[in-house]
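This report refers to the structure that appears directly beneath it.
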Amino acid sequence: MSKIALITGATSGIGAACAHLFAAQGYNLILLGRREQLLIDSAKHLEDKYAIEVKKIVADVRDYENLSYHLEILPSQWKKVDVLINNAGLSQGLDPIDKGNVDDWDTMIDTNVKGLLYTTRIVSNWMTAQKSGHIVNIGSIAGKEVYPNGNVYCATKHAVDALNKSMRIDLLPHGIKVTAINPGMVETEFSKVRFKGDEGRAKKVYDGLEPLIANDIAEAIWFVVSRPAHVNINDMLIMPTAQATGTIINRK
Ligand code: NDP
Ligand code: 8X3
């Protein structure tokens, strides 16, 4: 029986790159996101190319009731999840705290923190029952430091950092691995989402430097997941060579 990876936020960027890489390694996949057509296209492509099986879940990680419905109706063989990649997340806006949009704050907190918790609450139960599994939480450089106007996004990723450490302690007796992958700048849809579709502003983020690409992060995730059973990588911080900290960047 092939291994199973459940990837949240699988419709673009890092999640989509992980789907490709894990499919290439022969994993069956549970792909979750809100954009149904992207899930359909990706599932078909991966099934045809790699002869694997893919389950698609169109769900919003912020909606616990709906999320748990879709996960709990999976056939029992699909609940034997080996790897959970808690990747769904986003930033909205880049404003000082006194000018922040509270709806943006709610969206970031509900997705990056509560969505990750909701998914983990359900899937970690399956993992504790089988006494194995690996949870990979996608944090950020923004979870290690703060930068101007990053306030709430940084707070959500600091929360992911704390939850990653807590999960490792709580799940230790069950033999479950827990890893945080913390990227610096990766060129995905992230900046387009942060700036609400403003492509020009999004592109400017990467002006004059070579950012990471989604596959760089997927390869790091594959590396941590493919270590021997007795090895857990707790935490990995991965930056573009041209980025020293959240804000110190060597632009040409
Ligand atoms: P993308 O915008 O390309 O991908 C984000 C993914 O999250 C999409 O598949 C989106 O799918 C999904 N998503 C967002 N909100 C929800 C929701 N409410 N329910 C379900 N899925 C959701 O960005 P990245 O690939 O860059 O981001 C992936 C993760 O990496 C995020 O957690 C981000 O914070 C983190 N990260 C990104 C960095 C970067 O520079 N790009 C750096 C550090 C961390 P859909 O819209 O279909 O629901
Ligand atoms: C995304 C990277 O630098 O915008 O987490 O916070 S950054």
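Some notes on this structure:
- Screening the candidates ALA10, ALA19 for the property of being free of Cβ contacts under 8 Å to residues at least 60 places away in the same chain, surrounded by 24 or more Cβ atoms within 10 Å (Cβ to Cβ) and in contact with a strand residue (DSSP E or B) (Cβ under 8 Å, 6 or more places away or on another chain) yields one hit, ALA19.
- In the stretch 142-182, residue farthest from ligand 1 (Cβ to nearest atom) [restricted to those that are in a loop (DSSP other than H, G, I, E, B) and buried (at least 18 other Cβ atoms within 10 Å of the Cβ)]: ILE176
- Some residue of the stretch 10-33 being in contact with a Cys (Cβ under 8 Å, 6 or more places away or on another chain) and within 14 Å of ligand 1 (Cβ to nearest atom): yes
- You will find that of THR107, THR128, THR111, the residue that is assigned to a helix (DSSP H, G or I), at negative phi and in contact with a helix residue (DSSP H, G or I) (Cβ under 7 Å, 6 or more places away or on another chain) is THR128 and no other.
- Residue within the stretch 13-23 that is closer than 16 Å to LEU116 by Cα and either more than 16 Å from the chain's Cα centre (by Cα) or assigned to a helix (DSSP H, G or I) (or both) present: yes
- Scanning the stretch 63-96 for residues that are surrounded by fewer than 19 Cβ atoms within 10 Å (Cβ to Cβ), in a loop (DSSP other than H, G, I, E, B), in contact (Cβ under 8 Å) with a residue 40 or more places away in the chain and within 16 Å of ligand 1 (Cβ to nearest atom) returns LEU90, LEU94.
- Any hit, the stretch 36-43, residues being charged (D, E, K, R), free of Cβ contacts under 8 Å to residues at least 12 places away in the same chain and more than 10 Å from ligand 1 (Cβ to nearest atom): yes
- Pairs with Cβ under 6 Å, 6+ apart, first in the stretch 172-199 and of a type in the set (Lys, Arg), second more than 6 Å from ligand 1 (Cβ to nearest atom): LYS177/HIS134; LYS177/ASN232; LYS192/ALA202; ARG194/SER91
- Filter pass, ALA202 being in contact with a Cys (Cβ under 8 Å, 6 or more places away or on another chain) and at pLDDT 95 or above: no
- Only residues that are surrounded by 21 or more Cβ atoms within 10 Å (Cβ to Cβ) and of a type in the set (Phe, Trp, Tyr) were counted across the stretch 183-197, and they come to 1.
- Number of the exception - PRO228 against (1) free of Cβ contacts under 8 Å to residues at least 40 places away in the same chain; (2) closer than 28 Å to GLY33 by Cβ: (2)
- Qualifying positions in the stretch 24-50 - assigned to a loop (DSSP other than H, G, I, E, B) and either within 14 Å of the chain's Cα centre (by Cα) or within 21 Å of TYR118 (Cβ to Cβ) (or both): ARG34, ARG35
- Single residue of the stretch 97-141 satisfying the filter (more than 19 Å from the chain's Cα centre (by Cα) and among the basic types (Lys, Arg)) that is surrounded by the fewest Cβ atoms within 10 Å (Cβ to Cβ): LYS99
- Residue check, ILE14 within 16 Å of ligand 2 (Cβ to nearest atom) and closer than 21 Å to ALA180 by Cβ: yes
- Of residues in the stretch 198-219 being away from ligand 1 (no atom under 12 Å from the Cβ) and among the small types (Gly, Ala, Ser), the one farthest from LEU6 (Cα to Cα): GLY208
The values are calculated or read from the model by the stated rules, or taken from the named source; none is laboratory data. Fair warning: this is a prediction, and the values are worked out from it, not measured in the lab. Note: ideal-geometry Cβ built from the backbone for every residue, glycine included; neighbour counts use all protein chains shown.
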